[in-house]
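For reference, the structure discussed in these notes is given below.
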Amino acid sequence: MIKRIFLSFLLCTVFLLCGCSKKEEQQPDKLSAIKERGHLIVGVKYDTKPFGFIDKDNVLKGYDVDLARALAGKICGNEKNVVFKQVSPSNRISKLNSGEVDILIATMTITPQREEVVRFSKPYYTVGQAIMVPKGSPIETIANLNGKRTIVVLGTTGEKNLRRFAPEARVLGYRTYEQAFQALKEKRAMAFTSDDTILSGFAQDYPEFIILPQRYTKEGYAIAMQKGESTDSLALDINHILEEMTRDGTLVALKHKWVPSESDKQILSKRLKRQIK
Ligand code: GLU
């Protein structure tokens, strides 16, 4: 009897091992597959100015969009060899892991929980958690949000951070940034919390809202890939390209283009004035 149990255990183990290695064998190398196909499929945001958004002429633009084009140029030989697919914070990981997109460049913060299910590149951008309120609001810090209605986008680090720093806040969650900001405009809550970069995209267009000065986290945006051996060479390549882009100034140039600092803005307006004269 013991012999028979041992034998079936042995058979099961062999079967499982074979099954696993077969499954791994079935996963083709992602980088070779992309090169063979000739274009990169990238999940980006369509509602997150200035990283991925549709402008008034219906054109998809932004920092993440430009970064995706630059990557496609390096990997597939031409910046035009890229196909964009819209993702949101709540569906991006499933779109990546189902193979609908090759990579995500979607204002996505590296977190230990996400590292369990996706592979991240090196960070390419650093942001901080901030709070946006209407001008003249009595809210001054995140602690003031306890007991108050506060808007978040579901599935974001903003949602998680709010629950951590203001556990008594009454959380109003939305699926998209458009819906979330609309709710703030309609005064359905006292504040909206998210990455400073994303909130500043709204503040640029709506000066009746301000971003409070304090930052509550330091988060790195990174490119996400599927986990596993199939993305080993893709991850190496992407990290190498990001290092190159840091060295040759491409990432800084993207930052100046899409997330200009106050001094950048002054230089730009002086240049503009000179041109008009
Ligand atoms: N960076 C934050 C995050 O990864 C918010 C932006 C977003 O979700 O796209 O959760």
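The values are calculated or read from the model by the stated rules, or taken from the named source; none is laboratory data. Computed from a predicted model, the values in this text were never measured in an experiment. Note that we place each Cβ from the backbone using ideal geometry, even for glycine, and neighbour counts take in every protein chain shown. Side chains included, ligands, DNA and RNA excluded: accessible areas come from the protein's heavy atoms. Shrake-Rupley method; radii C 1.70, N 1.55, O 1.52, S 1.80 Å.
Odds and ends about this structure:
- Some residue of the range 146-155 being within 11 Å of the ligand (Cβ to nearest atom), surrounded by fewer than 22 Cβ atoms within 10 Å (Cβ to Cβ) and assigned to a helix (DSSP H, G or I): no
- Subset tally (residues that are of a type in the set (S, T, N, Q) and either in a strand (DSSP E or B) or in contact with a helix residue (DSSP H, G or I) (Cβ under 7 Å, 6 or more places away or on another chain) (or both)) for the range 79-124: 6
- Scope the range 208-240; condition in contact (Cβ under 8 Å) with a residue 60 or more places away in the chain and in a loop (DSSP other than H, G, I, E, B); matching residues: Glu208, Leu212, Gln214, Arg215, Tyr216, Thr217, Lys218, Lys227, Gly228
- Checked across the range 83-99, the condition of being touching a residue at least 60 places away in the same chain (Cβ under 8 Å), under 24 Å from Ser233 (Cβ atoms), open to solvent by less than 40 Å² (accessible area, probe 1.4 Å) and within 16 Å of the ligand (Cβ to nearest atom) holds for at least one residue.
- Of residues in the range 162-181 being within 13 Å of Tyr216 (Cβ to Cβ) and either surrounded by 22 or more Cβ atoms within 10 Å (Cβ to Cβ) or among the aliphatic types (A, V, I, L, M) (or both), the one nearest to the ligand (Cβ to nearest atom): Leu162
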